[in-house]
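These notes are about the structure you will find just below.
Only the coordinates and a few stated rules stand behind these numbers; no lab work does. Given the structure is predicted, the values throughout are model-derived calculations rather than measurements. Quick reminder, even Gly has a Cβ in these numbers, built from the backbone with ideal geometry, and neighbours come from all protein chains shown.
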Amino acid sequence: MTEIQRFADGDALALAGAEFFVQTAVIAIGARGKFTVALSGGSTPRKLHQLLTREPYVGQVDWTKVHVYWGDERTVPPDDEESNYNMARETLLDHVPIPEDQIYRMRGEIDPETAATEYGRLIKANFDPPQSRFDLILLGMGDDGHTASLFPHTAALDEVKHRCVANFVPKLDTWRITLTVPVINSAANVVFLVSGAKKAESLKAVIEGDYQPQIYPSQLINPEDGQLIWMVDEDAAALL
Ligand code: 6PG
């Protein structure tokens, strides 16, 4: 099921995202004693993360039962300002009591193929059947319609065997590490957080345009047996 939720601005969007995060965590922990979430990179999640470290949200989650992964990572060290891990540490992980051995970092500082293989094996090992999927995957969307590090016309878009791959991104002239479409589409809940006028054109193309996933990779995200929610602010939704 796909749902589009529109919010006045980035602050309202972050509040809605924090609400959903907490609700999903409480349900998962109540049902199975564990909540598995893959965080997104970029800047949009920052406000959501910061809200989670404060009441009324921080006290609602048993953080000792939370397991944190990433949807993608840049090929930089963990203390680099470009690192998605570093952003999450600064805005969330350094402020809530998640056990360190439940924070699973993509090692952007090593060879990307090695890091991707290692991460794919980690996910395979950590997700025992029948709970073999993420409870929640948070995603952003770039101005070009990419998500995670699934960029237009890149090899990772077609990957269906591995859970995590290294993906060379010509427009950035860099390697990235990214979860692949099958892993994301196996999640119970996938939430896109999209904010700002710069996203309006690509959001319209992704949501209402022809199916052209090589051009708009976010169109590949369609959970088989899960919920897809687009949380967008009015600036991003202006052309819908
Ligand atoms: C990354 C992200 C990427 C991001 C989008 C949106 O590593 O950059 O995972 O997919 O979510 O580029 O980024 P903003 O939230 O900064 O607009």
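For the stretch 167-240, applying the loop criterion from DSSP together with a ceiling of 15 other beta carbons within 10 Å to the GluC sites (Glu not before Pro) yields 224. Within the shell of other residues whose beta carbon sits under 13 angstrom from the beta carbon of residue 20, the net charge comes to -3, with Lys and Arg scored +1 and Asp and Glu -1. Relative to the Cα centre, the charge distribution of the stretch 1-123, modelled as +1 at Lys and Arg Cβ and -1 at Asp and Glu Cβ, gives a dipole magnitude of about 540 debye. In percent, rounded to a whole number, the relative contact order of the stretch 131-213 is 37, using alpha-carbon pairs under 8 Å and six or more apart. In terms of its alpha-carbon gyration tensor, the stretch 74-206 comes out rounded; the largest-to-smallest axis ratio a/c stays below the 1.5 threshold. Cross-link partners of residue 171 among lysines, defined as those whose alpha carbon lies under 28 angstrom from its own and excluding same-chain residues fewer than eight positions apart: 47, 161, 198, 199, 204.
Looking only at the stretch 161-240, where both bridge partners belong to it, what percent of the DSSP beta bridges are antiparallel (to the nearest 5)? Here the share of antiparallel DSSP bridges comes out near 50 percent.
Would you mind classifying the stretch 1-56 by shape? Square roots of the alpha carbon gyration tensor eigenvalues, ordered a ≥ b ≥ c; an a/c under 1.5 is rounded, otherwise it is prolate if a/b is larger than b/c and oblate if not. Display every interim value, and only then the final one.
On the way: a/c = 1.77, a/b = 1.45, b/c = 1.22.
The shape class here is prolate.
Normalised by the number of residues in the stretch 79-205, the mean separation of alpha-carbon contacts (under 8 Å, six or more apart) gives a relative contact order of 25 percent. Comparing Cα centroids, the stretch 4-26 and the stretch 119-146 end up 20 angstrom apart. Taking trypsin sites (Lys or Arg not before Pro) in DSSP loop conformation with at most 12 other Cβ atoms inside 10 Å as exposed sites, the chain has its longest uninterrupted site-free stretch at 55-160.
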